[in-house]
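For reference, the structure is listed below as structure tokens.
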Amino acid sequence: MRKPRALREGSTIGIVAPASNVDREALLRGVATLERSGYRVRYSDQVFLQEYYFAGAHALRAAELIRMFSDPEIDAIFCARGGYGCHHLLHRLDPAVLRGNPKIFLGHSDVTVLLQYLENQCQMVSFHGPMVAREFALGEPYYDRQNFLSCLAQPARGQRITASGLETLRPGSAQGRLTGGCLSLLTATLGTNWEIQTEGKILFLEDVNAKPYQVDRMLMHLKLAGKLDKVHGLVFGVMLNCKQSEAQGYRLQEIVLRTVEDYSFPILYGLPSGHTESGSLTLPFGVRATLNADDQYLDLEESVVE
């Protein structure tokens with residue numbers, strides 16, 4: 001796996017909007033947060049374009065992403081927001097260009113599609129975490145600053161990722177490369193040239209506003225597609241607002257366990273990355289990790305940046 005250079009004081013972060021259109025004021029608040037942290041920030045006015053519910057035309061968004069990877073003055077690339085639109089970029093990207101210019105690439109939600117593209121088509125470590133016009137715009141405690149810096153600015157192995165409020169759904173420990181993202185976006189890749197690769201992986205799944213039966217259906221989709229057969233471990237996010245009603249009479253955790261009862265891998269629930277109310281964690285995809293569901297943590301077995 002190709003690893004990007006670590007963030008350092010004075011590093012230049014390029015901002016892209018590969019999915020939905022962006023609120024200008026929110027983006028500027030996020031930019032201010034990054035600049036106060038000692039980084040330079042660059043973006044073009046294209047980031048504020050709108051075409052239907054996209055941040056400009058598909059070809060323009062793809063070209064801007066390629067330009068950011070190709071620009072030697074850009075050290076890292078952060079996504080402005082998610083929404084919808086990254087699927088339209090996949091066949092427009094050049095994996096050779098991206099592979100030849102490994103950089104930190106950070107985002108979540110719809111950006112899951114691009115994280116998987118970088119991991120599987122470009123053999124590059126990518127990062128599931130806060131976005132500029134969302135968590136960075138809101139500031140702490142909406143994202144975990146210490147974890148963010150540990151992942152992106154410290155080239156050392158052995159980092160531990162954990163949080164309060166985690167729940168062990170099935171005990172045990174397992175090793176594998178960490179991967180995953182937003183559940184609905186991962187299932188939307190199945191049957192395409194860009195579908196998620198899960199063999200030997202620690203699989204992280206999260207989503208927002210999905211009713212329990214919809215989560216069940218998406219997990220069954222992964223299951224019937226054989227994508228859970230060789231998974232080594234499973235980690236769920238907080239599954240924000242994933243409920244039928246306040247008085248539904250059951251927990252989503254019960255549905256999850258029933259759906260994956262055919263497997264024996266350890267399962268941890270409630271890791272706040274992606275759609276969260278606070279404390280959004282940065283997770284590196286494509287690196288070797290150990291899941292300890294008993295003691296409720298992930299250990300990174302190798303450095304994630306150089």
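Quick notes on this structure:
- Top-ranked residue in the range 239-257 [being without any contact (Cβ under 8 Å) to a residue 24 or more places away in the chain and of a type outside the set (A, V, I, L, M, F, W, C); ranked as farthest from Gly226 (Cα to Cα)]: Glu246
- Top-ranked residue in the range 133-179 [being acidic (Asp, Glu) and within 30 Å of Tyr263 (Cβ to Cβ); ranked as nearest to the chain's Cα centre (by Cα)]: Asp144
- Residue match in the range 145-165 (condition: over 26 Å from Glu9 (Cβ atoms), in contact with a Gly (Cβ under 8 Å, 6 or more places away or on another chain) and touching a residue at least 40 places away in the same chain (Cβ under 8 Å)): yes
- Residues that are of a type in the set (Ser, Thr, Tyr), within 17 Å of Leu7 (Cβ to Cβ) and out of contact with any strand residue (DSSP E or B) (no Cβ under 7 Å at 6 or more places or on another chain) within the range 130-183 comprise just one, Ser150.
- Taken together, Glu119, Glu51 contain a single residue that is over 16 Å from the mean Cα position of the chain (by Cα) and among the acidic types (Asp, Glu), which is Glu51.
- Here Arg24, Arg5 are screened, and the one residue that is touching a residue at least 12 places away in the same chain (Cβ under 8 Å) and surrounded by 14 or more Cβ atoms within 10 Å (Cβ to Cβ) is Arg5.
- For the range 247-273, the tally of residues that are within 17 Å of Asn292 (Cα to Cα) and of a type in the set (Val, Ile, Thr) stands at 1.
- Residues that are under 18 Å from Gly181 (Cα atoms) and assigned to a helix (DSSP H, G or I) within the range 90-115 comprise Leu90, Ser109, Asp110, Val111, Thr112, Val113, Leu114, Leu115, listed in sequence order.
- Some residue of the range 79-89 being within 22 Å of Ser150 (Cβ to Cβ), touching a Pro at 6+ places or on another chain (Cβ under 7 Å) and not in a helix (DSSP H, G or I): yes
- Qualifying residue in the range 103-124 (condition: crowded, with 19+ Cβ neighbours inside 10 Å, farther than 16 Å from Arg288 by Cα, in contact with a Pro (Cβ under 9 Å, 6 or more places away or on another chain) and of a type in the set (Lys, Arg)): yes
- Test result for Leu185, under 15 Å from the mean Cα position of the chain (by Cα) and within 14 Å of Tyr269 (Cβ to Cβ): no
- Filtering the range 8-21 to residues that are farther than 13 Å from Arg134 by Cβ and either among the hydroxyl-bearing types (Ser, Thr, Tyr) or touching a residue at least 60 places away in the same chain (Cβ under 8 Å) (or both) leaves Arg8, Ser11, Thr12, Ile13, Gly14, Val16, Pro18, Asn21.
- Condition met for Lys211 (of a type in the set (D, E, K, R), closer than 27 Å to Arg5 by Cα and modelled with pLDDT of 95 or more): no
- Residue in the range 48-87 that is farthest from Leu106 (Cα to Cα), counting only those that are free of Cβ contacts under 8 Å to residues at least 40 places away in the same chain and crowded, with 23+ Cβ neighbours inside 10 Å: Ala55
The values are calculated or read from the model by the stated rules, or taken from the named source; none is laboratory data. No experiment lies behind these values; they were computed from the predicted model shown. Note: ideal-geometry Cβ built from the backbone for every residue, glycine included; neighbour counts use all protein chains shown.
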